[in-house]
1. Would you work out the relative contact order for segment 3-206, in percent, from Cα pairs under 8 angstrom that are 6 or more residues apart?
2. Taking all pairs of distinct Cα atoms, average 1/r, flip it, and tell me the Kirkwood hydrodynamic radius of segment 50-91 in Å to one decimal place.
3. Would you compute, for the Cα atoms of segment 181-261, the largest minus smallest coordinate along each principal axis and list the three values in descending order, in whole Å?
4. On full extension of the chain, what length is gained from E231 through R260, given 0.36 nm per residue of separation minus the C-alpha to C-alpha distance?
5. Just from the alpha-carbon atoms, what are the Rg and Dmax of segment 5-62 in angstroms?
6. Over segment 1-91, calculate the relative contact order: mean separation of alpha carbon pairs under 8 Å at least 6 apart, over the residue count, as a percent.
7. From the P(r) of segment 3-206, could you give the percentage of C-alpha pairs in the tail past 32 Å?
8. Only residues of segment 23-63 count here: report those whose backbone N is under 18 Å from the spot 7 Å along Cα→Cβ of E204, or say none.
Amino acid sequence: MLFKDLGLSDEILRAITDAGYETPTPIQEQAVPYVLMNRDLLGCAQTGTGKTASFVLPMLDILSHGRARARMPRSLILEPTRELAAQVAENFKTYGKYQKLSMALLIGGVSFDDQEKALDRGVDVLVATPGRLIDHYERGRILMSDVKILVIDEADRMLDMGFIPDVERIVKLLPRLRQTLMFSATMPREIRGLAEKFLMNPKEISVSPPSTTAETVAQALVIVDARDKREALRKLLNDEQPSNALIFCNRKRDVGILHRSLSRHGFEVGALHGDMDQFSRTATLESFKKGEIKYLVCSDVAARGLDIVGMSHVFNFDVPINSEDYVHRIGRTGRAGKSGRAISLATEDDARYVAAIQKMMGKPIPRIELDGLTRANVEITEESGRKRRRRPSRRGAEKEERQSSPAAPHPAPPAQERSKPAQERRPPRPQAARPEPRQPRPEAKTQPKTQPKAEPAKPSRGFGDDTPAFLLRPVKVT
Ligand code: AMP
């Protein structure tokens, strides 16, 4: 099939040709005609499949008729992270270059003023993260009653990040008569439930089974001692000679530590995590995209949807606790038909997470040896590491990351537990678990107080592990 068979306008076809695309990807082939027919759509698609263009292209054509009024956007695209929102906004510029549609990007971490000015001018397309959108709404700067098309992108990520209450609130502000498109890389039961609530008689399309990894990514696993991980990573970087790579850590604190360590060893490296201010996040990402930085140590803030052309490698310095994060992380390479390589470093304690990933993918990750560093005798089973694992202290780094990071959603259970109702397997997500901080409220105050743990924790009494400083002070008896 060719793009011209999809019913798109000449302006869009010209922009597609300029972008260098020859044929539509499977999701574009399936989605575009239905979106053009104004049907609701539930799309199950991995990142890297051309999903963004599958909704952006037809939306541009639908919106080409009509004009936007001040503060009343005509369409709304909700994205879980600022980076994804910015990327979708870029897509609108690329594909809409021969049309005169206006667009605004509402994301946290940047000033309200410019965003308000853009809203006042009237926008056809609004790309937003839920928190910042609600902030604008609460300030009375935006009316949603003219939104004709709603896109909820990366719905499973929204769920993981605790955004669903915000999304539900936003949907209630929209007209009931609208077109809704919902995309999710995976289709857990919770997402199906939301689709039933938000969509009317949707056309369902799926371009690859949920939770599969692209065939274009060659995966490998190295099992090492925890103290050898950095050396193992350096060896891998030297052996593999990536042209560029993302290096994922589970915790923001470890992103900083690894970044400093690699810099000290002379690697061209940057760092990206959710506690950085938006200016630094954008600047770092830009340098990485331009090739000024070869390696980017990052938390899961970079795992979803980031589209960096021709990324040769992804390294998991830590095995992700949530199996689906593995799929998203390694999906940053092997994109658009190019081959890529994804290498994970695991310790004995990570074996059960590796087992859950393998179970989800339905195949093992091939193990490779690193001279003198590999632990050959570690068994990958779902039970491994369970008994040895200590509960992280309440002041532990996990808490630090989980409470304040957009990068780190609640750890999901191994795949076999996914069939249990959500309330059985994880604590309720407080609405305040807002990775996208609303300005100017300080992020720390809006984070959940719950402590996600790999193991169910015993309830702590009194101050638990936290002894307040005043109790530690010597008491003067007079
Ligand atoms: P996405 O899944 O939307 O993140 O897109 C992944 C990558 O595929 C992006 O770099 C797009 O520019 C690229 N892409 C989208 N559609 C096509 C197409 N039809 N042909 C080639 N590349 C495409």
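Each value in this text was obtained by applying a stated rule to the coordinates, not by laboratory testing. If you're wondering where the values come from, they're calculated on a predicted model, not measured in any experiment. Cβ atoms come from the backbone with ideal geometry, glycine included; neighbour counts cover every protein chain shown.
1. Reported as a whole number, the value is 29 percent.
2. With all distinct Cα pairs of segment 50-91 included, I get 11.5 Å.
3. Ordered largest first, segment 181-261 gives principal extents of 54, 29, 23 Å.
4. Full-extension gain reported as 9.1 nm.
5. According to the Cα coordinates of segment 5-62, Rg and Dmax are 10.7, 29 Å.
6. The value is 27 percent.
7. 10 percent
8. 27, 30-31, 34-35, 39-46
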